[in-house]
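What follows is calculated from the coordinates using simple rules that are stated; it is not laboratory data. Because the structure is a prediction, the values reported are computed rather than measured. Cβ sites come from the backbone with ideal geometry, for glycine too, and all protein chains shown count toward neighbours.
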């Protein structure tokens, strides 16, 4: 019996929270941030990665910083809801940490590392 969209999202979020596929990211991140929103969303908003002072700090996507506040204000202004019709997520669900020397790790930009979880998220809505 196929699982429904809500169960698929819960399973995806569990995978994001426990993901160790990118060893370097798993070692350098503070905490992964799964997406959030409507299980049968018509709109998906995707950003690069959770920001340190916002989502990565509190675990809630697009929150706690100016860019998250901006996106949420736009959603309110155009009468879109995370409960009814919108889903928000990230290309990479954890803030890439800094390597020795204080430079942000750039390896995460490689296409083969970016999209397995995002692709799964997109397929959940495509199949609805």
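Order these peptides, 4-15, 28-39, 60-71, by their mean beta-carbon neighbour count within 10 angstrom, highest first.
The packing order, highest mean first, is 28-39, 60-71, 4-15.
Rounded if a/c is under 1.5, else prolate if a/b is larger than b/c, else oblate: which is the stretch 1-89, with a ≥ b ≥ c the root eigenvalues of its Cα gyration tensor?
oblate
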